[in-house]
Amino acid sequence: LRELVISRTNLSIVTSKDFELYPAVQRLHLAHNRINRISPGAFVALASLQLLDLSVNELELLPKERLQGLRLLETLNLSTNSIRELDEFAQDLQKLRVLDASANQLERIHKNALRHLSALQELYLNGNRLITVASDAFRTLRALTRLDLRKNYFEYVPLRALKPLETHLQQLRLEDNPLVCSCDTQELWEWLSDHRKWARGYDNVRCEQPAEVQGKLLLTMEPQEFCDVPLILKIAIQDIQPYSVLVSWQSREHSGLHGYHIIYHSLDTVEDIRGKTMNRSSNSAKLNRLSSNTRYLICVLGLGSWLTYHSDINSLLNQSNQLQNQILNSGSAVHSGYAAGDLDASLSNTLLSLMMDTPTSRCTEVRTLDAIGPNPLAEADGMSGRSIIHSILTRRLGLIVGCCLGIVVFIVLISVLGWLKIKKQRLEAAKRQQQPHQPEFISYRHFSIPNDEHGRDGVAGAMGAVVGGGGGGGGGGGVALLDGHPSFISGAVLGTTTTMNGGGPDEHKKLFLTDS
C-alpha cells in the first residue's frame, strides 16, 4: 500500500498503533476530519512516508515528538487548523521541502521553530494572525525560494528576518497586510524597489495607516509622501579654526542607514571637491587642511540603499573634478563665474543633488577664521599637530585648575583640624593643673566595728583608753565622749580642727559617738 486516504470522518485521535500495519505507505491523507490530538510516535512506523496531509482538522498544538521518525517526509500540510504556535520541528525532518501552515491562528514565529528545516523550499504562512517574526527565524532556510506572508496582521514587515533570504528567494507575497506607512516604512519601500523581480504582488501592497495615505499603493508613492522628516535632522559647525572645523550632525533612526559621507568645497576659490566617509555610529568629523578666512559649503549625506556603494560617490566626485578642470581651461568668463560661487553653471546635476538639502542630506556654510602670522599650509602636518595639542590643553584647562584647587582646599582643611585638636589638648592640660588640692577625709570605712555585744564593749574600752591617753598628752586639749552607749556604736569623722597649743598648731581629730 503506497497511498492511504482517511478523509471526511469523525476521527479525532491518532494513536501510536493506528499505522503499524502500513509501513510502506508513502502518501497519507488525513484531511477533513476532527483530529485534535496525535499521540507521541504515531507516525514512527511510517518510515517511507513522503507526504502527510493534516489539513482541515482541529489541531491546536503539534509538539515535535509527534513527527519523529519521518526522515523521508518532503511535504507537510497543516493548513486550516487552530494551531496558535509552531513548536520546534523535529530534527528528523531534514528532507522536508514544503511546509503549509496557512489559515491557522499563529501570532509569531519564534527563533528556533524552523531551524532544523534546512532543505525547506516553500513556506506558506498566509491567512494567520502574524504580527512579528524573530529576526533569526529564517536564517537557516538557505534553500527557501517561496515565502507567502499574505493576509496577516503585519503593521511593519519584518525586514530583519527577510534580509537573510535575499540571495536565494524567488517569490515573496506581502499583500493584504495593514501596513503603517511612516518613516519606519521607508526602508521597506527601498527594499521592495530593489527586489521587484521576485516580490510578486508588490503592486497590491497598500498602506492602511495613516488616514491620508490609506489605500495607496506603497511602491507608487515617493518616500516624501509618507515620511516628511529628513534623514539628517540637524548639522552644526563647531571649533572653527583658521585651517580646520569640526562638523557635527544629528540623524533620525533608520535601520537601512549604512554610514555618512561628508562632502565639502570652497565657495571663494576653485578647489577640488573633497569627501570623507564615516560609519553609521559617527556623529561628528574633523575637516583639516582648509584655507583661512574662506567660505566653505559642507554637506552631510546619509548612505543607505538609496546610494548603496561608496564607489557611487567616488565616481560623482571624479566627474565633478573633471568638470572643474574643464572650467579652469575654458576661459576667464567661466572661471570668474565659478569663483563667484555660481555652482549651478559649474557642476553636473548629479553632483547638485548631493550638494543641497534633500531628504537624505543637509548642507551648511561656514567661514574659517583669519590666520595670525604666515600661511602654514606648506606645513599642514605640523600645524595640525600643534592645533590638536592646543585644543587638548584648552579643553583640559578647567579640569587641571579644579584638581589643583581641590588639593589646596584639602591641605588647608587638614591643617586647621590638626591645629584645633592640639589647642584643645593644651586647654585641657591647663585646666587640670589649676584645680585646688582636695583635703583628705577619713571615712567610717577606716574603722571595723563588730556586730556582737562583746565586740561593742571591747571597742568602747579601747576608744576610752585612746581618748584618755590623748587628753594627758595634749595639755588641756581633749575629745568629748558621750555617756552611755546604745546597742551599737557608729563613728563619723566630721573633719579636722587646728588649735594653738604652746605657740604651735596642734591638729586634733574629733570623734563623736552618737546614739542610734
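The values are calculated or read from the model by the stated rules, or taken from the named source; none is laboratory data. Given the structure is predicted, the values throughout are model-derived calculations rather than measurements. Every residue, glycine among them, receives a Cβ derived from its backbone with ideal geometry; neighbour counts consider all protein chains shown.
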Within region 42-71, count every residue that is in contact with a Lys or Arg (Cβ under 8 Å, 6 or more places away or on another chain) and either in contact (Cβ under 8 Å) with a residue 40 or more places away in the chain or on the phi > 0 side of the Ramachandran plot (or both).
-> 1
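Let's see how each residue does on (1) in a loop (DSSP other than H, G, I, E, B); (2) crowded, with 19+ Cβ neighbours inside 10 Å; (3) under 29 Å from the mean Cα position of the chain (by Cα):
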| position | (1), (2), (3) |
| --- | --- |
| 81 | yes, yes, no |
| 96 | yes, yes, no |
| 130 | yes, yes, yes |
| 135 | yes, no, yes |
If we keep only residues of region 183-216 that are modelled with pLDDT of 85 or more and in a loop (DSSP other than H, G, I, E, B), then the residue farthest from residue 153 (Cα to Cα) is 216
Within region 115-125, can one find any residue that is free of Cβ contacts under 8 Å to residues at least 60 places away in the same chain, part of a loop (DSSP other than H, G, I, E, B), surrounded by 17 or more Cβ atoms within 10 Å (Cβ to Cβ) and aromatic (Phe, Trp, Tyr)?
-> no
From the list 382, 398, 406, which residue is of a type in the set (Gly, Ala, Ser), assigned to a helix (DSSP H, G or I) and modelled with pLDDT of 85 or more?
-> 406
Residues of region 19-43 satisfying the condition of being in a loop (DSSP other than H, G, I, E, B) and closer than 19 Å to residue 61 by Cβ = 30, 31, 33, 34, 35, 36, 39, 40, 41, 42, 43
Considering every residue within region 223-246, establish whether at least one is modelled with pLDDT under 85, part of a strand (DSSP E or B) and surrounded by 15 or more Cβ atoms within 10 Å (Cβ to Cβ).
-> yes
Examine region 344-367 for a residue that is touching a strand residue (DSSP E or B) at 6+ places or on another chain (Cβ under 7 Å), modelled with pLDDT of 85 or more and among the β-branched types (Val, Ile, Thr), and state whether such a residue exists.
-> yes
